[in-house]
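Reading through the structure tokens given below for one structure.
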Amino acid sequence: MPRLPSSALFLLALTPFLAAPAAAQLPAETPAQVEARLRWWTEARFGMFIHWGLYAQAARHEWVKNYERLTDAQYQPYFDHFDPDLFDPRAWARMAKAAGMKYAVITTKHHEGFCLFDSQFTDYKATNTPAGRDLLKEWVDAFRAEGLRIGFYYSLLDWHHPHYTVDRCHPQRAGSDAEYARLNEGRDMNVYRQYVRDQVRELLTRYGTVDVLWLDYSFPSGAHGKGRADWDSERLLAMVRELQPGVIVNDRLDLLDVPGGWDFRSPEQFKPREWVKLDGKRVPWETCQTFSGSWGYYRDEMTWKDEKQLLVLLIETVSKGGNLLLNVGPTARGTFDQRAQDRLRAIGEWTAVNERSIRGCTQAPEGFAVPEQSLLTWSPAKNRLYVHLVDWPMGQLTLPGYAGKVKYAQLLHDASEVKFGGKKTTIWLDEGAREGDLVLALPMPKPAVTIPVVELFLQ
Ligand code: GLC
């Protein structure tokens, strides 16, 4: 064996430690297997997001620590006074269920770093506040008991952990590279990465089956951001898949280009124009939306969407093949704000009689043009088309090119027949109707339903 210089031997001995960690093994699933794993979620279409943490007490946005550049000391009063004495997760679950939601995703830890659960890796948790207990455990039990699937949101960002390096999204963000370097002296992301792994492991091993894992978020582009290398995303996700093979995971680990690196896209506070695509292919997607301009409870925020806007959001999402995760930011007493309760109730009144146009539904097949002022969804299992009349028409509605495609039609909420005819046979002849159109005869007054739906049984 040739003699190597001693420095080379030294490097050789170090090689196993210097080498990049072996690429994580993400399970290889066929598209059919992925579809089967996501089926309950795709059918559900509608879930509740819950943002609840210490920021509920500031009551001025869950990013308040960042927006106001608060220090840990300035934020401490919210920890010291966190006492949700009216927390009744069964009541929350019933409100979600009554609204027509089938799953719920809660913030186990948001960017502020506070944990609702009794983690053994931090003292910054509900157990050590006046609440004095694992609030997540109670939440999980309550939501399961009401038959809802459960999801955990976990923030990758952490504005409290001493080893999380200060970045451009941090409350203590700096003005220059030199200042960043100074602020980050002594902070070791390796320690934080391990903390994330340990906590995600706790979440996935202590609470039974977790149906959804919602990791938030990556911001790799530009200076002082964070992405897959910071979270060790692939290895983290491999652990997640191993611990909970059935779990559905969002797309914020910065692994969009990695096969198996995400299950659905998560456009936030924005309505996609069409079915969300990646590389030209339709993908599963869920849009998350707030009632008003904040995720956490915000007392003085007034830009609340009304009942009809929220229903349009739900219907339009399903009409483009997506899911809606609609957020509630509970108060620090542990209650849902009256404004949230009123909206949930209104949505529930609608879904109680119109659920069939949402659950298990998706975008209408090619060849069904969208009639005026309406939104279409389609049930592949029943082969029924749902025409949501966002604006109630004047006694009749033209379905362009639908002649010969419909067997029977009724209003969905009361199963009352809707008569229809073509251009030649109908007495409600619409001057605008053309050969091949179908004309529905509707009552002149709008039924007492926010958005009435016509159910078409297709040939
Ligand atoms: C964002 C925000 C956040 C919210 C989330 C929901 O990334 O940082 O406050 O939790 O989106 O999608």
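The values are calculated or read from the model by the stated rules, or taken from the named source; none is laboratory data. Keep in mind that what you see is a predicted model, and the values were worked out from it rather than measured. FYI the Cβ positions are ideal-geometry reconstructions off the backbone, even for glycines, and counts take in every protein chain you see.
Some notes on this structure:
- Members of region 96-121 found to be more than 19 Å from Val212 (Cβ to Cβ) and surrounded by fewer than 19 Cβ atoms within 10 Å (Cβ to Cβ), listed by number: Ala98, Asp118, Gln120, Phe121
- Selection from region 92-139 of residues that are among the acidic types (Asp, Glu) and either away from the ligand (no atom under 16 Å from the Cβ) or not assigned by TED's automatic domain parsing to the domain that holds Asn66 (or both): Asp118, Asp123, Asp134, Glu138
- Of all residues in region 284-299 being part of a loop (DSSP other than H, G, I, E, B) and among the hydroxyl-bearing types (Ser, Thr, Tyr), the one that is surrounded by the fewest Cβ atoms within 10 Å (Cβ to Cβ): Ser292
- Taking the criterion of being touching an Asp or Glu at 6+ places or on another chain (Cβ under 8 Å) and not in a loop (DSSP other than H, G, I, E, B), the residues of region 151-171 that qualify are Gly151, Tyr153, Tyr154, Ser155.
- Any hit, region 196-218, residues being more than 16 Å from the ligand (Cβ to nearest atom) and more than 24 Å from the chain's Cα centre (by Cα): no
- In region 60-85, the residue that is nearest to the ligand (Cβ to nearest atom) out of those that are charged (D, E, K, R) and either closer than 22 Å to Gln269 by Cα or part of a helix (DSSP H, G or I) (or both) is Glu62.
- Residue in region 256-263 that is assigned by TED's automatic domain parsing to the domain that holds Gly151, farther than 15 Å from Val34 by Cβ and either under 13 Å from the mean Cα position of the chain (by Cα) or touching a residue at least 24 places away in the same chain (Cβ under 8 Å) (or both) present: no
- Qualifying positions in region 354-389 - β-branched (Val, Ile, Thr) and crowded, with 17+ Cβ neighbours inside 10 Å: Ile358, Thr362, Thr377, Val387
- Total residues in region 344-367, condition in contact with a helix residue (DSSP H, G or I) (Cβ under 6 Å, 6 or more places away or on another chain) and within 21 Å of Ile106 (Cα to Cα): 3
- Scope region 300-322; condition in contact (Cβ under 8 Å) with a residue 24 or more places away in the chain, away from the ligand (no atom under 16 Å from the Cβ) and assigned to a helix (DSSP H, G or I); matching residues: Glu307, Lys308, Leu310, Leu311, Val312, Leu314, Ile315, Glu316, Val318, Ser319
- Per-region count, region 239-250, residues more than 13 Å from the ligand (Cβ to nearest atom) and part of a loop (DSSP other than H, G, I, E, B): 4
- Residues in region 129-139 that are in contact (Cβ under 8 Å) with a residue 12 or more places away in the chain and surrounded by fewer than 23 Cβ atoms within 10 Å (Cβ to Cβ): Thr129, Pro130, Ala131, Arg133, Asp134, Lys137, Glu138.
- Within region 266-283, no residue satisfies the criterion of being modelled with pLDDT of 95 or more, within 16 Å of the ligand (Cβ to nearest atom) and surrounded by fewer than 13 Cβ atoms within 10 Å (Cβ to Cβ).
- Boolean, Trp304 is surrounded by fewer than 23 Cβ atoms within 10 Å (Cβ to Cβ), touching a Ser or Thr at 6+ places or on another chain (Cβ under 6 Å) and among the hydrophobic types (A, V, I, L, M, F, W, C): yes
- Qualifying residue in region 257-265 (condition: within 14 Å of the ligand (Cβ to nearest atom), modelled with pLDDT of 95 or more and either on the phi < 0 side of the Ramachandran plot or in a loop (DSSP other than H, G, I, E, B) (or both)): yes
- Hits in region 219-234 - residues which are on the phi < 0 side of the Ramachandran plot, in a loop (DSSP other than H, G, I, E, B) and either more than 16 Å from the ligand (Cβ to nearest atom) or in contact with a His (Cβ under 8 Å, 6 or more places away or on another chain) (or both): Ala223
- Within the option set Leu325, Leu253, being in contact with a Gly (Cβ under 7 Å, 6 or more places away or on another chain), of a type outside the set (S, T, N, Q), outside any loop (DSSP other than H, G, I, E, B) and within 14 Å of the ligand (Cβ to nearest atom) holds for one residue only, Leu325.
- Residue count for region 206-229, restricted to those that are surrounded by fewer than 17 Cβ atoms within 10 Å (Cβ to Cβ) and either more than 25 Å from Arg144 (Cβ to Cβ) or touching a helix residue (DSSP H, G or I) at 6+ places or on another chain (Cβ under 6 Å) (or both): 8.
- When the residues of region 25-59 are filtered to those that are within 13 Å of the ligand (Cβ to nearest atom) and either charged (D, E, K, R) or assigned to a loop (DSSP other than H, G, I, E, B) (or both), the one that is farthest from Leu314 (Cα to Cα) is Gly53.
- Evaluation of Ala238 against (1) under 24 Å from Lys125 (Cα atoms); (2) over 21 Å from the mean Cα position of the chain (by Cα) (one fails), failing number: (1)
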